[in-house]
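Enquirer: Here it is: the structure, laid out below.
The values are calculated or read from the model by the stated rules, or taken from the named source; none is laboratory data. For clarity, every value in this text was computed on a predicted model and none was experimentally measured. When we count neighbours, we look across all protein chains shown, and the Cβ atoms used for this are built from the backbone with ideal geometry, even at glycine. Surface areas here come from the heavy atoms of the whole protein model, side chains and all, with no ligands, DNA or RNA. Shrake-Rupley method; radii C 1.70, N 1.55, O 1.52, S 1.80 Å.
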Amino acid sequence: MKLHAKHASAIWDVLVVDADPGVGELVKKNGVGVSRLRVATTVAQAQAEMKQRPADVLLVNIQINDNAGLSLIRTLREKYPHTELIAMSRLRRSDICLDAWRAGASDMLLSPIHAADVKRSFDGIAERRNHVERLTKRNTRLRQVCKQLNKARHEVGQQVDLLCNDLVRAYQEMAQQLNLTQLTSEFHQAL
């Protein structure tokens, strides 16, 4: 997925898994930055499409093929962890929503699906991806700074070792000179 200046202009490869072709048309007309839209009317067709080319966003009707949508979401979440999965349902029940999230869906759309719902969902996905991208860049920058700090710490440690060695040598030389001075003083007294 390519990101532009604003998250709403993200370019998406979308796969809609639903027997109703109207959902695909709704996504296409919504103008949410869909570069490629594919529609699968069965679970097997959806798996084949994903195997051929993984989508950025996958909209799955939970009730497709006698409620096989949840197992499809679970399977695709494991195989394609970077694909965003949006569950769709004709039934408005909280247990279905919970099951969809547990299966790995990042959002839930309830019928009747409106263009504003699709846009909101896509905007949420784009915002999450932008946030992850910012965190990744920040972590990369922090790793580089840590490497530089570690290198500087190593160099400072070497310089401290050199200074300590110089101090030990200077102390030894001073001790030798004091011994020589003491011996000279004792020799003077003995004379």
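Enquirer: For the chain, give the percent of accessible area contributed by carbon and sulfur heavy atoms, probe 1.4 Å, rounded to a whole number.
Expert: Percent of accessible area from carbon and sulfur atoms in the chain: 56.
Enquirer: Estimate the FRET efficiency between Arg36 and Arg128 by the formula 1/(1 + (r/R0)^6), using the beta-carbon distance for r and 30 Å for R0, to the nearest 0.05.
Expert: 0.90
Enquirer: If you take the Cα atoms of region 17-62, find Rg, then find the Kirkwood Rh from the mean of 1/r over all pairs, what is Rg/Rh?
Expert: A ratio of 0.94.
Enquirer: Quick check for you: with a 1.4 Å probe and neighbouring chains kept, what is the accessible area per residue of region 36-191, in Å²?
Expert: Result: 69 Å² per residue.
Enquirer: Related question: Kirkwood hydrodynamic radius for region 88-191: how many Å is it when counted over pairs of different Cα atoms?
Expert: 21.3
Enquirer: Another one. Which length gain, in nm to one decimal place, applies between Gln189 and Lys147 when the Cα-Cα distance is subtracted from 0.36 nm times their residue separation?
Expert: Additional length available on full extension: 8.9 nm.
Enquirer: A further question on this structure: Connecting C-alpha atoms closer than 10 Å in a GNM of the chain, tell me which of Leu85, Leu26, Leu178 has the biggest fluctuation.
Expert: For the chain, modelled as a Gaussian network with Cα springs under 10 Å, the answer is Leu178.
Enquirer: Okay, next question. Who wins for biggest fluctuation among Glu84, Glu49, Glu173 in a Gaussian network model of the chain, springs between alpha carbons below 10 Å?
Expert: Glu173
Enquirer: How big is the charge dipole of region 37-191 about its Cα centre, in debye rounded to the nearest 20, if each Lys and Arg gets +1 on its Cβ and each Asp and Glu gets -1 on its Cβ?
Expert: It comes to approximately 820 debye.
Enquirer: Please build a GNM for the chain, connecting alpha carbons under 10 Å apart, and tell me which residue among Val23, Val39, Val160 fluctuates the most.
Expert: Largest GNM mean-square fluctuation: Val160.
Enquirer: Further question on the same structure: Of all the stretches in the chain, which is the longest one without any exposed loop site, taking trypsin sites (Lys or Arg not before Pro) in a DSSP loop (any state but H, G, I, E, B) with at most 16 other Cβ atoms within 10 Å?
Expert: Counting only loop sites that pass the neighbour cut-off, the longest clear stretch is 94-191.
Enquirer: Sticking with this one: Given 20 °C and 1.002 mPa s, how large is the Stokes-Einstein diffusion coefficient of the chain in µm²/s, with Rh as the Kirkwood radius over Cα pairs?
Expert: 102
Enquirer: Given the DSSP H assignment, sum -39500 (n - 2.57) over each helix run of at least 4 residues in the chain and divide by its residue total; what's the result at 222 nm in deg cm²/dmol, nearest 500?
Expert: After summing the helix terms and dividing by residue count, I get -22000 deg cm²/dmol.
Enquirer: Just want the answer: with Cβ charges of +1 for Lys and Arg and -1 for Asp and Glu, which residue in Leu37, Leu167, Ala68 is farthest toward the dipole's positive end in the chain?
Expert: Leu37
Enquirer: Let me ask something additional. If we restrict to alpha carbons, what Rg and Dmax does region 19-97 come to, in Å?
Expert: Reported Rg and Dmax, both Å: 12.3, 34.
Enquirer: OK, next. Label Ala175 and Ala19 with points 7 Å out from Cα along Cα→Cβ: what is the distance between them in nm?
Expert: Going by the 7 Å Cα→Cβ label model, 9.4 nm.
Enquirer: Using only the Cα atoms of region 89-133, construct the convex hull and provide its projected area averaged over every direction, in square nanometres to one decimal.
Expert: If you wrap the Cα atoms of region 89-133 in a convex hull and average its projections, you get 3.4 nm².
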